Structures are given as structure tokens and as C-alpha cells.
Amino acid sequence: MAIIFDLDGTLINSFDIHIRLMKKSIDEIIGKDVIPLYLIKSYIRFPSKQMLSTLSKQLKIKITPVQMKNIIELKDKMFDKTQIRKIKFYPKAKDLLLLLKNKNAKFCIATSMNTEELGKVEPWIKLKGFCEIINSPALKHEKPDPYILKKAIKSLNSKKSETFYVGDAETDYEASKNAGIKFIGVNNPKLVDLGDMYFKDVKTLYTFIKTNYFDFL
């Protein structure tokens, strides 16, 4: 048995940071308040390109490929050390990774963060000491593309039928299906009826795995 964890929104909480930076970037590139804050909050779990494309259609506004690229690049530029230091782990997230490490379980982290972004974040969150972190080198591999999950499965040398992906977004669920593995949803009530298991938060998942470790793995 093996477990692959999503990172942002699953183990770490940086949504408020991403929401604020996305709003600033959109306001600067296509105009102030063209896209309301509440809609950005609603779609922040989506990959940036998918979110902007969806909002463009929903609001019937034109966002050119160049504007989209500029918004994402500006947001990434503003995601500096000052912002990164505001990132917080969800309760028991690190304890869960430590539990699995001490049990010599097969597990890793798979994130859509590109190499540059992960390079900024990792010195602060310091998770490489727990397990391997697999990331996507380019935006074209954002979920629901199963690229990073396939890389993770190969790295773990695990069978698809015995591999779980833990994530917080609908695109995580879709990516798991596209990769042919099982899905555990957390931190997002919209996932209650999706996947194979659901836990309201990582703390609850930690308690479940700690109590039922041998049955689960």
C-alpha cells in the first residue's frame, strides 16, 4: 500500500495568501474589480489557468493568453519570502507524515508547484526530510493531468490498485481517476461524495490512520 499527498490545501494552508495575490494580479493586469473577490475565493483550489479560463467564461469577459500568462507570472513574483513565511501547516499534518515515516510506509508528496515555486517554499516548510517531493516542471502538467501522480507511482514502485492519493480539490479527484488510483478527500465538503474515503480535515485522517494503521496499510 502507498499514499501520495497533495501539498497546498491538503498539508499546508496558504489559500488566503494565494487569494490575495491573485486578486492583486488580476486587478493590475485586466482592471480593478473586474473579477470579484468572492469568485476568486470560490475557485482558488483550481489550477491558475483553469480558474482564469472558467471565470472568463462565467463572467463573459475576455482574458487573452498573454494576460493570463502575465497574471500568473505577477502572482508568482509577489509570492516572496514575506508571503511564504505566512504559510501554516494544517493541524496534525506533520505528525501524519512522521507517523508514516516511522512505520516505514510508502508515501510521498506530489504537487503541481513548478520547480521555482517549490524551491521558494521548501526551505520554509522543510518537508524533504520526511519524504520525496515530486513536482510538475511546467503549467501544462497541472491537474487533472495525472503527470505528477504517474511520476509518484513510479517513484514509490507501487501498484495502482494499492495506491491512495490524498487531496483537497475536485481536480485532485479527477487526477486520481485519470491515474487509475484511489482517492481520499480532505478539507473540502464538496468531496464528500467523491472518491473512496473522505475526512473533514487532516487531523481526522491522522487519527484514523493512527488507530487503524494495520487495517489501512
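Being within 26 Å of Lys159 (Cα to Cα), out of contact with any Asp or Glu (no Cβ under 7 Å at 6 or more places or on another chain) and part of a helix (DSSP H, G or I) narrows it down to one of Leu118, Leu97, so name that one.
Result of the check over Leu118, Leu97: Leu97.
Restrict the check to the stretch 177-184 and report whether at least one residue is assigned to a helix (DSSP H, G or I) and not charged (D, E, K, R).
yes
Over 16 Å from the mean Cα position of the chain (by Cα), among the small types (Gly, Ala, Ser), surrounded by fewer than 21 Cβ atoms within 10 Å (Cβ to Cβ) and at pLDDT 95 or above: does that describe Gly129?
In short, no.
Test Lys143 against the stated conditions and say whether it is surrounded by 14 or more Cβ atoms within 10 Å (Cβ to Cβ), modelled with pLDDT under 95 and not aromatic (Phe, Trp, Tyr).
yes
Is the stretch 84-91 home to any residue that is touching a residue at least 40 places away in the same chain (Cβ under 8 Å), in a helix (DSSP H, G or I) and closer than 24 Å to Val186 by Cα?
So far as the stretch 84-91 goes, yes, one or more of its residues are touching a residue at least 40 places away in the same chain (Cβ under 8 Å), in a helix (DSSP H, G or I) and closer than 24 Å to Val186 by Cα.
When you scan the stretch 96-114, do you find a residue that is polar (S, T, N, Q), in the same structural domain as Asn178 (by TED's automatic domain parsing) and over 20 Å from Ala169 (Cα atoms), even just one?
Of the stretch 96-114, the ones polar (S, T, N, Q) are 102, 104, 111-112, 114.
Checking the rest, the ones that are also in the same structural domain as Asn178 (by TED's automatic domain parsing) come to 102, 104, 111-112, 114.
Subset that is over 20 Å from Ala169 (Cα atoms): 102, 104.
The answer is yes; a qualifying residue exists.
Checking the structure you have, find out if any residue of the stretch 181-188 is without any contact (Cβ under 8 Å) to a residue 60 or more places away in the chain, outside the structural domain of Met68 (by TED's automatic domain parsing) and either among the acidic types (Asp, Glu) or surrounded by fewer than 21 Cβ atoms within 10 Å (Cβ to Cβ) (or both).
yes
For residues that are part of a helix (DSSP H, G or I) and either of a type in the set (Phe, Trp, Tyr) or touching a Phe, Trp or Tyr at 6+ places or on another chain (Cβ under 7 Å) (or both), scanning just the stretch 1-57, find the one that is modelled with the lowest pLDDT.
Quick first cut of the stretch 1-57, residues part of a helix (DSSP H, G or I) only: 15-30, 37-43, 48-57.
Of the ones still in play, those that are also either of a type in the set (Phe, Trp, Tyr) or touching a Phe, Trp or Tyr at 6+ places or on another chain (Cβ under 7 Å) (or both) are 15, 21, 38, 43, 51, 54-55.
Working: Phe15: 88, Leu21: 95, Tyr38: 94, Tyr43: 91, Met51: 92, Thr54: 93, Leu55: 95.
Step by step, filter the stretch 1-57, then rank; the result is Phe15.
Given the residues Glu116, Glu174, Glu170, which is the only one that is among the acidic types (Asp, Glu) and modelled with pLDDT of 95 or more?
After applying the criteria, what remains is Glu174.
The values are calculated or read from the model by the stated rules, or taken from the named source; none is laboratory data. These numbers were taken from a predicted model, which means no experiment stands behind them. Positions of Cβ are backbone-derived with ideal geometry, glycine not excepted, and every protein chain shown enters the neighbour counts.
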